[in-house]
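Derivation of every value follows stated rules applied to the coordinates shown; laboratory data play no part. Just so it is clear, the model here is predicted, and its values are computed rather than measured. Cβ placement follows ideal geometry from the backbone for every residue including glycine, while neighbour counts extend to all protein chains displayed.
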Amino acid sequence: MTQLREPGFRDSVDIMFNRAVAVMDLSPGLVEKIRVCNSTYTVRFGVRLRGQIHTFTGYRSVHSEHMEPVKGGIRYAPGVNQDEVEALAALMTYKCALVETPFGGSKGGLCIDPRDWEPHELEQITRRFAYELIKRDLINPAQNVPAPDMGTGEREMAWIVDQYARMNTTDINARACVTGKPLNAGGIQGRVEATGRGVQYALREFFRHPEDVAKTGLSGDLDGKRIVVQGLGNVGSHAARFLAQEDGARIVGVIERDGGLWDDAGLDIEAVLAHLRATGGVRNCPVGRFEPVGAELLEADCDILIPAAMEGVINLDNAARIRAPLIIEAANGPVTAGADEILRRRGIVIIPDLYANAGGVTVSYFEWVKNLSHIRFGRMQRRAEEARNRLLVEELERLSADRGLGWTLSPDFKRRFLTGAGELELVRSGLDDTMRIAYQSMREVWHARPDVSDLRMAAFIVAIDRVAKSYQSKGL
Ligand code: NAD
């Protein structure tokens with residue numbers, strides 16, 4: 001076995017990129033153009049808080065502008081650095097290409113632990129950071145559209161959109177400058193849970209292909225599958241909740257910062273989330289057995305492992321001990337390139353991040369389109385659809401009565417058939433369609449090419465091919 005050295009996050013993404021381009025027919029110049037991060041802007045700004053000036057460091061990287069605007073979240077975490085932001089921006093380029101959202105890739109970050117600050121202080125810091133990015137068009141509906149990521153959510157996006165609107169009072173498309181906003185500030189239904197929902201749809205699609213499932217040694221569907229989730233934040237909590245409540249999966253283990261919880265019978269996920277909300281951790285939770293070293297549960301015996309917290313958690317130290325036959329990367333970069341090689345050799349199937357967590361950017365795309373069209377999805381069609389369906393139901397009932405057939409439509413069928421699709425139903429439908437089609441495009445390459453050993457390599461090939469074609473059509 002070759003001696004493996006743990007690469008950094010940026011290098012990990014490059015290694016995965018290089019594996020894919022090695023089997024593609026692209027000129028070296030174009031490969032380099034696609035690989036490199038176009039620009040990274042670093043800003044250091046001061047904010048007067050608690051009687052003194054505090055200096056914060058933030059970044060906004062633009063990986064690829066083959067399509068504009070570029071898109072990617074803004075992360076608040078103490079460890080944010082240029083390497084990480086550039087790696088995440090690169091992943092955004094490939095993710096957007098894979099799920100066919102018409103964006104280039106970008107990412108931003110602020111070195112801050114949001115738990116250290118009061119909400120009004122975070123607002124001041126966020127507005128100041130946004131100001132710095134807006135004045136350089138690094139937040140702009142036509143050029144660069146951020147979204148939430150680790151440590152940020154609807155609240156921060158609402159501050160950012162308000163800051164942009166204050167600085168661009170005549171921009172009719174101001175609301176499209178950022179996605180992941182609350183509904184009352186131009187958001188879209190279903191965005192908060194979109195990434196977790198996308199993880200669920202990705203797993204459902206995987207389990208629709210018995211040939212693929214067979215590679216894991218599992219069988220059947222999600223019902224009864226034993227799942228471990230790391231990180232019960234936005235992505236992990238929604239994925240866990242949907243999989244347990246709608247697909248019959250058993251969440252046997254969860255891992256948070258302060259430890260893990262285990263229950264062979266399946267944890268009551270609502271009780272865990274309520275305890276987490278109330279105390280900020282999982283220690284002393286009334287359900288499950290507490291494990292003080294949470295990360296050890298990554299190695300537990302289960303069917304599906306969902307790392308949904310942060311990058312690099314499955315690495316050279318623990319890859320050999322991972323027992324789950326299927327890993328779905330809900331977080332960005334949870335498996336290092338070194339661990340990826342070990343897991344591949346061990347036959348573990350990985351549904352890669354650039355596909356698995358693309359639900360967020362997909363629904364962000366819908367939100368951006370909604371903002372630019374200035375109308376809620378379904379507003380024009382919903383009642384027309386209901387009226388047509390009612391016509392059909394009434395006609396069927398009339399025919400049945402006229403001919404004495406005695407047919408009756410069940411009240412549940414009638415209720416569902418007569419309810420036109422509103423924004424939430426349309427968002428879910430669009431997300432489901434996107435996740436299915438993107439999976440199929442990956443698996444086609446995975447199965448058709450003997451030189452493509454895994455889904456990650458297939459995902460990169462599909463994405464890089466699309467980015468390459470876009471550059472080629474521009475004459476590059
Ligand atoms: P979040 O801040 O809402 O949640 C992260 C959770 O992980 C928190 O509950 C935190 O306590 C926990 N956590 C942090 N460090 C941990 C550790 N060492 N062990 C166990 N738990 C730990 O963040 P999020 O938005 O859910 O993002 C999680 C991951 O998903 C990130 O990699 C992010 O880039 C990725 N992602 C998020 C979105 C989105 O829409 N929010 C979209 C795509 C990808």
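Debye calculation, C-alpha points only, no solvent: report log10 I(q)/I(0) for segment 2-73 at q = 0.14 Å⁻¹, in the same order as the q values. Debye output, listed in q order: -0.68.
Non-local lysine pairs in the chain, meaning eight or more places apart or on different chains, with alpha-carbon distances under 15 Å, amount to 7.
Dividing the summed -39500 (n - 2.57) terms of all DSSP H runs of n ≥ 4 by the residue count of the chain sets its mean residue ellipticity at 222 nm at -14500 deg cm²/dmol. Computed from label points 7 Å out along Cα-Cβ, the spacing between Arg323 and Lys474 is 4.9 nm.
Averaged over residues, the count of other Cβ atoms within 10 Å places the peptides 160-171, 120-131 in the sequence 120-131, 160-171, highest first. Per residue, the Cα convex hull of segment 377-442 amounts to 111 Å³.
Rounded if a/c is under 1.5, else prolate if a/b beats b/c, else oblate: with a ≥ b ≥ c from the C-alpha gyration tensor eigenvalues square-rooted, which is segment 299-343? Oblate is the answer for segment 299-343, as a/c is 1.5 or above yet b/c matches or exceeds a/b. P(r) tail for segment 409-476: Cα pairs beyond 20 Å make up 56% of the total.
Sorted on the mean count of surrounding Cβ atoms within 10 Å across their residues, most packed first, peptides 257-263, 46-52, 150-156, 193-199 read 193-199, 150-156, 257-263, 46-52. Taken along its three principal axes, the alpha carbon spread of segment 217-347 comes to 40, 32, 23 Å, from the longest extent down to the shortest.
Protection proxy ranking, highest mean first, for peptides 351-359, 83-91: 351-359, 83-91, where packing is the per-residue count of other beta-carbon atoms within 10 Å, averaged.
Here, the chain is characterised by an Rg to Rh ratio of 0.99, where Rg is the alpha-carbon radius of gyration and Rh the Kirkwood radius.
Computed over neighbours whose Cβ is under 14 Å from that of Ala401, the net charge equals -2, Lys and Arg +1, Asp and Glu -1.
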